[in-house]
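Structure first, commentary second.
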Amino acid sequence: MPKSPKARKESSKREREEGRMSEEGLNPFRKSSRTERSPSRGEERNQSKEIEEKIETVLREIKEDMAGIVEESRARRKELAAAREKEGEKEREDMLKSSEVKKESSKREREEEREDHQIEAKKKIKARKWIRK
């Protein structure tokens, strides 16, 4: 259905107002060709190259950081293994010392028991000699 001249006038008036609003930044859905232009192909290539370079730089930094983390992890694992080994050696030494102490204490006890038995035997011998007299 064809528009009447009055309806056309109002429609074009509304479009002009929308255009002005978009130029002022009031209408986010309408864009004016005067206020915003699309980048040329050369500019697009340059922008994409810049973005790719930034991405490569970030990736390189991430890889370097990861390598540093891996090295730190290896060093800490070695330190932990050394500490565990040292702890194990200390435990072995402690066990040996404690077993040596036990051996010596049991040896002393046996010697003391022998001495006690010898003293007892001597007393018995003296007592028998005394009784015989």
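A short reminder: the numbers here are calculations on the coordinates, not readings from a lab. Quick caveat, the model's predicted, so the values are computed rather than measured. Methodologically, a virtual Cβ is constructed for each residue, glycine included, from the backbone with ideal geometry; neighbour enumeration extends over all protein chains shown.
The table for this structure:
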read-out	value
Orientation-averaged projected area, Cα convex hull of the stretch 40-99 (nm²)	3.8
Computed E for S38/E15 - FRET, C-beta separation, R0 30 angstrom, nearest 0.05	0.90
Cross-link reach list, aspartates and glutamates versus K124, counting only Cα pairs under 19 Å and skipping chain neighbours closer than eight places	E112, E113, E115, D116
Stretchable slack from L80 to T57, in nm (0.36 nm times residue separation minus alpha-carbon distance)	4.8 nm
Lys pairs under 26 Å by Cα in the stretch 40-99, provided they are eight or more residues apart or on distinct chains	6
Distance (nanometres) between label positions extended 7 Å along Cα→Cβ at K97 and K129	4.8
Residues E87 and E111, FRET efficiency given R0 of 35 Å [Cβ-Cβ distance, rounded to 0.05]	0.45
Dipole magnitude (debye, nearest 20) for the stretch 40-99, charges at Cβ of Lys, Arg, Asp, Glu	240
